[in-house]
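Undergrad: My structure is below; once you've seen it, I'll send some questions.
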Amino acid sequence: MPHADHDSQALLELATRLAREAGTAALTGRRNLAIGQPPAHDTKSSATDPVTEFDRAAEAHIVAELQRVRPHDAIVGEEGANQSGTSGIAWHIDPIDGTANFLYDLPAWCTSVAAVSTDGTASSTGSVNAAVAGAVYLPVTDEMFAARRGAGATLNGERIAASTVTDVSMALTGTGFSYVADRRRGQADLVRQLLPVVRDIRRSGSAAIDLVSVAAGRLDAYYEQYLNSWDMAAGLLIATEAGARASSFDGGPASESSLVTSAAGVHDQLLTTLAEASAALA
Ligand code: LIP
């Protein structure tokens, strides 16, 4: 049985190559459509949760290359890839994060590829905290965010850092909402409580973009619930390697169901704010 391959530099180079190749192909396909012509698509968890031919093609490309180059790795993809492995590395893939934006020809979408350690050496608190290498590529702006564990985070090869804000009232805060209407009702109540407390709210439509925006200081904070590992595994590594703090709403390990990422100087204030807002809604 192959030993876990934690050559994080090689894993990062592969993640970066595949994110760029898949994202570039999706952008080319999108731009070949006539203005105002949406791509063919189906829906998943709800009528507002789309999947396009380009999501599927991007995931198929990434999976085929991973199977060719690293056949013993596990693979988990948003569009159905689900392969077990024996190498100690699992790939978590979001071929197009921000699919609704892609459908509407809005620019905020990306390809996210994370190599996650499954043998407990990187983190004992679940796969989303165990990425050893991650790449998030934004094709419309040709921006490659990348990180490998312990080596910092970069944007197009330049080191990046989370912001130094220390007052939550000055924290530009990203968030997102579920495809399920009942969940959005509660999320709307929560954001209504937060809006007067933070600087302002931004809703990009892509968790991975929100996470790398915190990494680059383009957002001071980001929180969301009801995500999936593929939305956040790469972006979470990039944000923490850029000096951001990350946790669940209650201060435990970040998870798909509960994620708060922010500049270190406002994390505790943000957790207190979220707790007070949740208590006010109880
Ligand atoms: C999206 C997330 C985003 C969330 C959206 C959607 P998708 O993922 O990245 O943060 O608010 O509702 O889930 O579906 O575009 O891959």
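The values are calculated or read from the model by the stated rules, or taken from the named source; none is laboratory data. Given the structure is predicted, the values throughout are model-derived calculations rather than measurements. Using ideal geometry, Cβ is built from the backbone for each residue, glycine included, and neighbour counts are taken over all protein chains shown.
Undergrad: Of the numbered conditions (1) under 15 Å from the mean Cα position of the chain (by Cα); (2) over 29 Å from ASN82 (Cα atoms), GLN193 satisfies every one except a single condition; which is it?
TA: Status for GLN193: all satisfied but (1).
Undergrad: Pick from SER123, SER112: which is within 21 Å of ALA10 (Cα to Cα) and at pLDDT below 95?
TA: Working: SER112 fails: at pLDDT below 95.
Going through SER123, SER112 in turn, the sole match is SER123.
Undergrad: Do you know which of the residues in the stretch 197-208 that are more than 12 Å from the ligand (Cβ to nearest atom) and of a type in the set (A, V, I, L, M) is farthest from GLY265 (Cα to Cα)? Reasoning before the result, please.
TA: Pass one, the stretch 197-208, residues more than 12 Å from the ligand (Cβ to nearest atom): 197-201.
Subset that is of a type in the set (A, V, I, L, M): 197-198, 201.
On the way: VAL197: 15, VAL198: 13, ILE201: 18 Å.
Taking the candidates together, the pick is ILE201.
Undergrad: Same structure, new question: Got a number for residues in the stretch 128-177 being within 14 Å of the ligand (Cβ to nearest atom) and modelled with pLDDT under 95?
TA: 1
Undergrad: Kindly provide the set of residues from the stretch 132-172 that are part of a strand (DSSP E or B), in contact with a Ser or Thr (Cβ under 8 Å, 6 or more places away or on another chain) and hydrophobic (A, V, I, L, M, F, W, C), ordered by number. Show your work before the answer.
TA: Of the residues in the stretch 132-172, the ones part of a strand (DSSP E or B) are 132-138, 143-148, 153-155, 158-159, 172.
Filter once more, keeping what is in contact with a Ser or Thr (Cβ under 8 Å, 6 or more places away or on another chain): 132-137, 144-148.
Across the stretch 132-172, the qualifying residues are VAL132, ALA133, ALA135, VAL136, MET144, PHE145, ALA146, ALA147.
Undergrad: Take the residues in the stretch 76-86 that are free of Cβ contacts under 8 Å to residues at least 24 places away in the same chain and farther than 13 Å from ALA22 by Cβ, then tell me which one is surrounded by the fewest Cβ atoms within 10 Å (Cβ to Cβ). Give the derivation first.
TA: Residues of the stretch 76-86 free of Cβ contacts under 8 Å to residues at least 24 places away in the same chain: 80-84.
Right, trim to farther than 13 Å from ALA22 by Cβ and you get 80, 82-84.
Working: GLY80: 11, ASN82: 9, GLN83: 15, SER84: 11.
Only one residue tops the list, namely ASN82.
Undergrad: Residue by residue through the stretch 209-225, note down the ones that are within 8 Å of the ligand (Cβ to nearest atom) and within 12 Å of LEU259 (Cβ to Cβ). So that I can check it myself, show each step before the final result.
TA: Within the stretch 209-225, the subset within 8 Å of the ligand (Cβ to nearest atom) is 209-210, 224.
ASP210, GLU224 - these are the residues of the stretch 209-225 that are within 8 Å of the ligand (Cβ to nearest atom) and within 12 Å of LEU259 (Cβ to Cβ).
Undergrad: Somewhere in the stretch 34-50, is a residue within 16 Å of the ligand (Cβ to nearest atom) and under 17 Å from ALA234 (Cβ atoms)? Give the steps one after another, and end with the answer.
TA: Here is the first cut: in the stretch 34-50, the residues within 16 Å of the ligand (Cβ to nearest atom) are 38-39, 41-50.
Okay, now just the ones that are also under 17 Å from ALA234 (Cβ atoms), so none.
No.
Undergrad: Exactly one of (1) without any contact (Cβ under 8 Å) to a residue 24 or more places away in the chain; (2) away from the ligand (no atom under 16 Å from the Cβ); (3) within 26 Å of LEU106 (Cα to Cα) is unmet by VAL191. Its number?
TA: (2)
Undergrad: Here is a follow-up. Within the stretch 208-258, restricting attention to residues that are in a loop (DSSP other than H, G, I, E, B) and of a type in the set (Ser, Thr, Tyr), which residue is farthest from the chain's Cα centre (by Cα)?
TA: Of the residues in the stretch 208-258, the ones in a loop (DSSP other than H, G, I, E, B) are 216-220, 226-228, 242-244, 248-257.
Checking the rest, the ones that are also of a type in the set (Ser, Thr, Tyr) come to 226, 248, 255, 257.
Values: TYR226: 12, SER248: 15, SER255: 12, SER257: 13 Å.
Across the stretch 208-258, the extreme among qualifying residues is SER248.
Undergrad: Of the residues ASP73, ASP42, only one is among the charged types (D, E, K, R) and without any contact (Cβ under 8 Å) to a residue 12 or more places away in the chain; which?
TA: On the way: ASP73 fails: without any contact (Cβ under 8 Å) to a residue 12 or more places away in the chain.
Of the residues listed, the single one that is among the charged types (D, E, K, R) and without any contact (Cβ under 8 Å) to a residue 12 or more places away in the chain is ASP42.
Undergrad: Does at least one position in the stretch 197-212 carry a residue that is over 24 Å from SER117 (Cα atoms), surrounded by 23 or more Cβ atoms within 10 Å (Cβ to Cβ) and charged (D, E, K, R)?
TA: No, every residue in the stretch 197-212 fails to be over 24 Å from SER117 (Cα atoms), surrounded by 23 or more Cβ atoms within 10 Å (Cβ to Cβ) and charged (D, E, K, R).
Undergrad: Find all pairs meeting these conditions: Cβ atoms under 8 angstrom apart; at least six residues apart or on different chains; first residue within the stretch 47-66 and free of Cβ contacts under 8 Å to residues at least 60 places away in the same chain and under 22 Å from TYR179 (Cβ atoms); second residue assigned to a loop (DSSP other than H, G, I, E, B) and among the basic types (Lys, Arg).
TA: Every condition considered, the pairs that remain are PRO50/LYS44; VAL51/LYS44.
Undergrad: Is there any pair linking a residue in the stretch 196-221 that is under 13 Å from VAL165 (Cβ atoms) and at pLDDT below 95 to one that is within 9 Å of the ligand (Cβ to nearest atom) and not in a helix (DSSP H, G or I), with Cβ under 7 Å and at least six apart or on different chains, and which?
TA: From residues that are under 13 Å from VAL165 (Cβ atoms) and at pLDDT below 95, there are no pairs.
Undergrad: Would you be able to tell me the number of residues in the stretch 30-75 that are in a helix (DSSP H, G or I) and crowded, with 16+ Cβ neighbours inside 10 Å?
TA: Of the residues in the stretch 30-75, the ones in a helix (DSSP H, G or I) are 30-31, 53-69.
Now restrict to residues that are crowded, with 16+ Cβ neighbours inside 10 Å: 30, 54-63, 66.
Qualifying residue count for the region: 12.
Undergrad: Residue check: is VAL51 under 17 Å from ILE93 (Cα atoms) and modelled with pLDDT of 95 or more? Quick ask: steps written out before the conclusion?
TA: On the way: under 17 Å from ILE93 (Cα atoms): yes; modelled with pLDDT of 95 or more: no.
So VAL51 fails the test.
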